[in-house]
Each structure stands twice: as C-alpha cells, then as structure tokens.
Amino acid sequence: MNILINTSILKNSLKDVMGVVGKDLSMPILSHVLIEKNSTVLKITGTNLEVQITSEAKFIEADEFDPVTVSGRKLYEIVRSLDQQEVSLNASKNRITLKTNNSTFKLSTLPANNFPTFEERKTTESFNINQTQLLDLLNKTSFSMASNPDVRFILCGLLLEISPSELTAVATDAHRLAISSSTLEKKQINKTSCIVPRKAVLELIRVLQGNNEAKVSVGANQISVNLKGLCFVSKLMDGKFPAGYKGVIPESAALEILLVKQHIRAALQRVSILANEKFKGVRIEATDKNIVLSSENPEQEEAKETIEHKPSGSEDNKIVAGFNAGYLIEAINACSGDEVVIGLNGPKENHEQTAGKKTRTEGTLIYSPNDNNTRYVVMPYNI
C-alpha cells in the first residue's frame with residue numbers, strides 16, 4: 001500500500017479541502033481527510049457536514065491503496081513544510097507513513113468507513129458556466145448576505161435563480177441588497193431556484209479559479225459544482241427567500257449622481273473615521289451640483305467633505321439621508337469600471353397609511369454605468 005507523489009501536487013490538493021476540515025472534538029473524524037485512490041489519481045476529501053470538497057492529486061506511481069483517513073491539518077502542515085520533491089505514502093494498520101529522502105513522519109489514522117461522505121442525490125437541473133463568470137457573480141453579491149442568523153436565518157445565504165438563459169444571484173441582510181445576473185447558453189432547463197448557505201458560498205469563492213468551465217447541478221436539497229480536478233458539494237438551506245425582494249429595488253431615483261469611484265470611496269472612508277463606532281453613520285446632503293458628506297460622534301467630533309459632480313438636470317431636488325458608510329463603500333467597491341451612479345430618493349408618502357400621512361424612504365440605488373446586470377440597494381436610516 002504505497003503511493004509516490006510530488007509534494008507540490010499533494011499540497012495543492014490538501015489546500016483545496018482545508019477550508020472545510022474542522023477541529024470538532026466531539027467528532028474527531030471531521031478533523032480528518034479521506035484519502036482514496038483510483039487508477040490515476042488520489043482523491044482527497046474534507047467535510048464539515050454542510051460542505052464537502054473532493055480534490056484530485058495525480059500520483060507518479062502506486063500499489064494497491066485502501067481508503068484511509070488522517071488528520072488533515074497535520075498532513076497539510078507536514079507537506080507544506082517540505083521542499084518540492086517526491087514523497088511516498090504508506091498506510092498500514094492504524095498509521096500512515098510519509099517518507100522523503102531525509103524525513104519520515106508517522107501519523108495515526110481512523111477507519112475510512114467512519115468518514116461521513118455525502119450521498120449522491122438526484123439532479124433536477126444542471127448547466128455549464130465559465131468559472132470566471134461564476135466567481136464574478138458571487139463576488140458581486142455575496143458581501144450582502146447576513147452574517148448573524150438571529151436577524152433572519154434564511155438571509156444567511158445566497159439566492160440563485162436559474163432560467164434557460166440566465167443565472168441570477170441575490171443577497172440581502174435586510175439593510176442592503178445586491179443582485180447580479182449572468183448569461184447562460186440557452187438549453188432545455190426549467191426555471192428553478194435554491195439558497196446556498198453563507199459558509200458554502202464563501203468556500204466556493206475560495207476554490208473557484210482559472211478560466212475552465214464549471215458544471216453546476218442542483219438537486220432537491222444540495223448543489224454540486226464540478227471543476228477540473230475538484231468537486232464541491234453543499235447542502236441547501238430549507239426555507240423561502242423573501243418573495244418581495246424585487247420591490248425593494250427602486251425603479252427610478254429623485255436625484256442621480258455620476259461620481260468617480262475612487263473619489264467617493266476615499267471621501268466616505270475619511271468622513272467615517274469620526275462616525276459613531278457602532279453604526280458608522282454618514283450623512284449625505286446631495287444637490288444637482290455637489291454632494292456633502294458629514295459625520296459626528298458622541299465625543300462631539302465632526303467631519304465634513306464636499307464633492308463636486310456633473311449637473312444631473314434635477315435642479316430642484318435636494319436629498320438628505322443617513323447611511324452606514326461601510327454598506328456604501330462595499331457596494332461602490334463591487335461596481336465595475338471607474339465610475340459609479342448613486343441614485344438617491346427622499347421620503348415618499350405611504351398611501352396605505354392614511355392616518356397621519358406616514359412617510360417611507362426608498363432605498364438608494366448604486367450601480368456601474370457600464371453594467372446593466374448588477375444593482376445594489378442601500379437603505380437609509382433616520383439622522
């Protein structure tokens with residue numbers, strides 16, 4: 001039971017799976033990786049019970065090798081510390097031995113049949129998409145996922161809407177929303193949707209690389225993404241994404257301002273230095289000719305900065321609103337190109353509220369003038 005493999009190839013495959021290898025003392029097997037062999041490659045699998053990643057490592061030569069599990073962290077640290085060279089893996093009884101010309105390492109193993117691999121599920125829909133295309137879609141939206149399940153559990157995930165010609169990703173934490181679409185090659189595929197958990201989305205972003213195609217398959221309660229030499233599988237969230245999310249996206253803006261991304265981002269970063277530490281609140285006062293950013297904190301410290309911009313043609317409009325500066329900066333960062341459009345809306349009368357004529361404020365729309373497929377909405381708050 002001996003395998004000869006290059007350390008750099010083994011290291012890269014271990015690195016692929018380490019993001020889901022845990023330190024769960026109640027289930028020691030979850031800190032292990034499963035090592036299996038077929039005719040040409042080693043298959044290395046890691047899981048945290050929610051996400052499973054299998055990476056392939058091509059070996060130089062091999063004898064018969066029965067499946068075995070070994071501490072993923074220890075194996076990775078050992079292989080990572082070795083220079084690029086050949087290393088042999090030999091498994092016998094309850095140990096696996098790594099040998100190079102000058103080094104020997106012996107690690108304890110656990111039975112492979114105790115390793116909790118995912119069962120293969122029936123696929124309902126599948127499609128191909130370029131890895132770069134998929135990664136771009138996730139990067140443009142994932143930052144708007146909720147990170148605190150106490151807010152609303154289902155928002156701690158990313159909604160994927162699949163149609164015959166388009167893949168759309170949507171994320172919101174109830175304070176902001178990100179939506180982006182990417183074209184798919186038209187094929188016979190039914191409309192469907194699924195919600196991918198936050199941790200799985202972040203892990204998928206980590207393993208996506210290169211310009212090769214990815215095959216995405218969606219089943220009743222799991223999604224798989226097959227890449228060249230790697231298979232990513234995640235459980236799906238059980239629940240419904242807010243059905244009215246499209247209603248949050250303003251159809252128009254009272255005042256649209258075209259700004260240089262670098263200028264508005266830097267100004268927000270400077271002004272937010274003196275904002276309240278907890279809320280990072282920044283006041284925006286915008287007119288047809290300029291936008292004034294200001295902040296203050298409980299220590300009575302203040303910051304103020306004015307940015308001139310091209311006239312928008314909305315001479316009578318003046319919008320004043322407060323925002324979390326971090327939300328604005330993240331949306332601006334995600335916009336492609338050198339310019340960004342910020343569409344501000346003021347308070348509007350809520351016709352459903354007759355008594356007292358209560359008002360509501362629509363969200364602020366942020367987008368790149370060069371990207372018609374991506375929109376960001378940041379909700380204001382009282383200042």
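Miscellaneous remarks
- Restricting attention to region 322-379, the residues that are farther than 23 Å from ALA171 by Cβ and at pLDDT below 95 add up to 14.
- Qualifying residue in region 37-52 (condition: more than 23 Å from GLN222 (Cα to Cα), in contact with a strand residue (DSSP E or B) (Cβ under 8 Å, 6 or more places away or on another chain) and surrounded by fewer than 19 Cβ atoms within 10 Å (Cβ to Cβ)): yes
- Residue in region 74-82 that is among the hydrophobic types (A, V, I, L, M, F, W, C), assigned to a helix (DSSP H, G or I) and touching a helix residue (DSSP H, G or I) at 6+ places or on another chain (Cβ under 9 Å) present: yes
- When ALA275 is tested against the conditions (1) surrounded by 16 or more Cβ atoms within 10 Å (Cβ to Cβ); (2) closer than 14 Å to ILE342 by Cβ; (3) out of contact with any His (no Cβ under 7 Å at 6 or more places or on another chain), the lone failure is (2).
- Qualifying position, being under 29 Å from the mean Cα position of the chain (by Cα) and among the hydrophobic types (A, V, I, L, M, F, W, C), among ILE3, ILE44, ILE60: ILE44
- Counted residues, region 79-108 - those being without any contact (Cβ under 8 Å) to a residue 60 or more places away in the chain, within 21 Å of ASP16 (Cβ to Cβ) and of a type outside the set (A, V, I, L, M, F, W, C): 1
- Among the residues examined, ASN102 does not qualify as exposed (fewer than 15 other Cβ atoms within 10 Å of the Cβ), of a type outside the set (Gly, Ala, Ser), over 22 Å from the mean Cα position of the chain (by Cα) and over 19 Å from ASN2 (Cα atoms).
- THR306 vs. criteria of a type in the set (Ser, Thr, Tyr), buried (at least 17 other Cβ atoms within 10 Å of the Cβ) and either without any contact (Cβ under 8 Å) to a residue 60 or more places away in the chain or under 28 Å from ASP136 (Cβ atoms) (or both): no
- Scanning region 223-238 for residues that are surrounded by fewer than 21 Cβ atoms within 10 Å (Cβ to Cβ) and more than 14 Å from ILE129 (Cα to Cα) gives GLY229, LEU230, CYS231, LYS235, LEU236, ASP238.
The values are calculated or read from the model by the stated rules, or taken from the named source; none is laboratory data. Keep in mind the model is a prediction, meaning the values are calculated, not measured. FYI the Cβ positions are ideal-geometry reconstructions off the backbone, even for glycines, and counts take in every protein chain you see.
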